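The values are calculated or read from the model by the stated rules, or taken from the named source; none is laboratory data. Treat the numbers as computed from the prediction; the structure is a model and nothing was measured. Ideal geometry is used to build each Cβ from the backbone, glycine not excepted, and the neighbour counts take in all protein chains shown. With ligands, DNA and RNA removed, areas are computed over all heavy atoms of the protein, side chains included. Shrake-Rupley method; radii C 1.70, N 1.55, O 1.52, S 1.80 Å.
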Amino acid sequence: MSKGHIERVPVESAYTLHEYARSAHLSGPVHDLRQEAQTAAPVLKGRRVIMLNSTARGGGVAEMMPRLVCMLTELGVPTEWWTMGADEPAFFEFTKKIHNMIHGSGSPEISAEARDTYDRVSRSVANVLRRELSPDDILVVHDPQPAGAGAELAAAGQAAVWRCHIGLDEDNEQTDAAWGFLEPYITGYQHCVFTAVEYVPRYLSSTISIIPPGIDPFSHKNRDLSVQEIIGILCNGGLASSPPLTVTPAFEHQAKRLQPDGTWGPPTSPEELDLIHRPVVTQVSRWDRLKGWSGLLNGFVRLKRELAERTRNDARHHRRLQLLRLVLAGPEPEAVQDDPEAQEVLQELTEAYVALEPELQKDVAFISLPMASRKYNALLVNALQRCSSVVVQNSLREGFGLTATEAMWKRLRVVGTQACGLRQQIRDGIDGRLVDNPEDPANVAEVLDQVLRMSRERTPMVTCAQRRVYDEFLVFRQVSRWLRVLTRVVGGPGHPSSVREPEASTAARRSTR
Ligand code: UDP
């Protein structure tokens, strides 16, 4: 007998909408959200929303859930966050496999045994849910893990939405097999929500909405930092030598830097990073091959090697490229011990770094960021991004790419690629630049060179980038889009609010898949 269980995750509210609205630049988005809620709250009166996913820690869904839950509740739509668990490890091994298949990788075979496990656990979780839910509740199920359980309740008449946070803008054997497996479950939901239109499977035609992720401008990752705070964080975290002048004490866990002999040492060795004084190109990501680390490293090396040809008759740009440094930052190796692929990628990058000539080794810094405290990790990422002349996300594939959103919000020059999530955010030449081939060093070098030269054009581009995040990718917009979806689910397809729903047209979907 399989035993599924559910747990309510306690959520503490950090800032009220009133507090956000006190900031001049956020009062508009909060006002728009309140307007949306004025229409939605009466339609949703008496309803409770249950957000159900499979983990309370780690990953983008868990990161985003507290803000979503608090804001919906504050706007008069009581919302709770529940997680599901199961006593069969094989269930989560299988859902991880489905996750990878949706991203186009792994074996496309699905055994009868795996299907049985999925159905058994889903039924068992559905039985627990059935006891806890009232008929008026709206169930919002996130990602494939609870999709089967939610489908059972949807079949019994519970209002239910499936929210998918993952996807790939190409079809292959693996994606076909994964979407084929999920079809009988997700077609039973009243409504499905995706991050991009390209991720919607063909068989879902009329009941979908697109909700991209949104960032919280008051989070430690995104909040404004004064110059003193930036320097303080760099010193406290070990990224700069600490004169005895910082207000806050050193962080318990420090950042580290890959050394020329392949070991990890302090970031101030073999010499200071000089993040405050030098032009810096930065990428912050997980150590995943699809993040395009080697292409970026090779592109940077090529740019440095071509310095003389690229800067003839331009002494200022010559000096800029001479001083330029590349920061490649990701989670500390200890945090990826259970991730063999991340270890392999780090090993390959270490070998590439060790093989560089000493002058280039000084200009490239692989940084390991401590992960023990989510707050200090976020502050270090925030400070690193704010010290950067250009933030790059050189991904081969990207579901969304929050690092780009974070940089755009901070009015930094951004370089992305044609990967779906990045081109969804960055319009080439308007909000930033896109590299066509992230694995081609010549292409990466050329785009970096162009962006670094852009001092005069810089202001319009970064202003557009921030405006784009302001309009589309802040948490307020995300909550607003959720209110429309929930209203539609309750009001039915004939409800007037559905007319303004940000759903994708069937025609657009057909042309992309
Ligand atoms: N990030 C972080 N510390 C790290 C590496 C990444 O805080 O050492 C953050 C990064 O700032 C972003 C998130 O992790 O907020 C990664 O999200 P993204 O959508 O860019 O990529 P994913 O990891 O989901 O593929």
*Pairs, please: C-beta under 8 Å, at least 6 apart or cross-chain, first residue free of Cβ contacts under 8 Å to residues at least 40 places away in the same chain and under 15 Å from P358 (Cα atoms) and in segment 260-274, second surrounded by 14 or more Cβ atoms within 10 Å (Cβ to Cβ) and of a type in the set (S, T, N, Q)?*
S269/Q259
*Mind checking which residues of segment 374-412 are away from the ligand (no atom under 11 Å from the Cβ) and either of a type in the set (S, T, N, Q) or on the phi > 0 side of the Ramachandran plot (or both)?*
S388, S389, N394, R411
*Please work out which one of (1) under 29 Å from S455 (Cβ atoms); (2) in contact with a Cys (Cβ under 9 Å, 6 or more places away or on another chain); (3) without any contact (Cβ under 8 Å) to a residue 60 or more places away in the chain is the condition P243 fails and give its number.*
(1)
_With the condition being in contact (Cβ under 8 Å) with a residue 12 or more places away in the chain and more than 20 Å from the chain's Cα centre (by Cα), I'd like the helices (runs of 4 or more DSSP H) fully within segment 320-411 carrying at least 3 qualifying residues._
340-354, 358-363
_Test for V462: is it touching a Phe, Trp or Tyr at 6+ places or on another chain (Cβ under 9 Å) and within 30 Å of Q35 (Cβ to Cβ)_ = no
*Please go through segment 48-89 and pick out each residue that is at pLDDT below 95, over 28 Å from T403 (Cβ atoms) and not small (G, A, S).*
D87, E88, P89
*If you go through segment 322-377 one residue at a time, how many are open to solvent by 10 Å² or more (accessible area, probe 1.4 Å), small (G, A, S) and modelled with pLDDT of 95 or more?*
2
*Unmet requirement for R123, which otherwise passes all of (1) outside any loop (DSSP other than H, G, I, E, B); (2) open to solvent by 10 Å² or more (accessible area, probe 1.4 Å); (3) farther than 28 Å from A156 by Cβ*: (3)
*Of the numbered conditions (1) over 28 Å from A21 (Cβ atoms); (2) in a helix (DSSP H, G or I); (3) not polar (S, T, N, Q), G416 fails exactly one; give the number of that condition.*
(2)
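Per-residue answers, yes or no, for (1) within 16 Å of the ligand (Cβ to nearest atom); (2) open to solvent by 10 Å² or more (accessible area, probe 1.4 Å); (3) assigned to a loop (DSSP other than H, G, I, E, B):
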| residue | (1), (2), (3) |
| --- | --- |
| G262 | no, yes, yes |
| E271 | no, yes, yes |
| R286 | yes, yes, yes |
| L297 | no, no, no |
| R302 | no, yes, no |
| N313 | no, yes, yes |
*asked:* open to solvent by 20 Å² or more (accessible area, probe 1.4 Å), away from the ligand (no atom under 12 Å from the Cβ) and in a loop (DSSP other than H, G, I, E, B): which single residue out of N443, N437 fits that description?
replied: N437
_Can you find a residue that is open to solvent by 10 Å² or more (accessible area, probe 1.4 Å), assigned to a helix (DSSP H, G or I), of a type in the set (A, V, I, L, M) and at pLDDT 50 or above anywhere in segment 464-485?_
no
*Just to be sure, is R223 of a type outside the set (G, A, S), modelled with pLDDT of 95 or more and open to solvent by 10 Å² or more (accessible area, probe 1.4 Å)?*
yes
*Determine whether L422 is among the aliphatic types (A, V, I, L, M), open to solvent by less than 10 Å² (accessible area, probe 1.4 Å), within 12 Å of the ligand (Cβ to nearest atom) and under 17 Å from the mean Cα position of the chain (by Cα).*
yes
_Selection within segment 234-256 - open to solvent by 50 Å² or more (accessible area, probe 1.4 Å) and not in a loop (DSSP other than H, G, I, E, B)_ = K256
*V281 versus (1) in a helix (DSSP H, G or I); (2) of a type in the set (A, V, I, L, M, F, W, C); (3) crowded, with 19+ Cβ neighbours inside 10 Å; (4) at pLDDT 95 or above: which is the lone unmet condition?*
(1)
*Extreme residue, farthest from L275 (Cα to Cα), among residues of segment 182-213 that are open to solvent by less than 20 Å² (accessible area, probe 1.4 Å) and in a loop (DSSP other than H, G, I, E, B)*: Y189
*If you check I276, I231, which single one turns out to be among the aliphatic types (A, V, I, L, M), assigned to a helix (DSSP H, G or I) and either more than 16 Å from the ligand (Cβ to nearest atom) or open to solvent by less than 50 Å² (accessible area, probe 1.4 Å) (or both)?*
I231
_Testing A308 on (1) over 14 Å from Q361 (Cα atoms); (2) crowded, with 21+ Cβ neighbours inside 10 Å; (3) more than 12 Å from the ligand (Cβ to nearest atom); (4) not polar (S, T, N, Q), one condition comes back false. Which one is that?_
(2)
*Of all residues making up segment 143-159, the number that are under 20 Å from T487 (Cα atoms), in contact (Cβ under 8 Å) with a residue 40 or more places away in the chain and outside any helix (DSSP H, G or I)*: 1
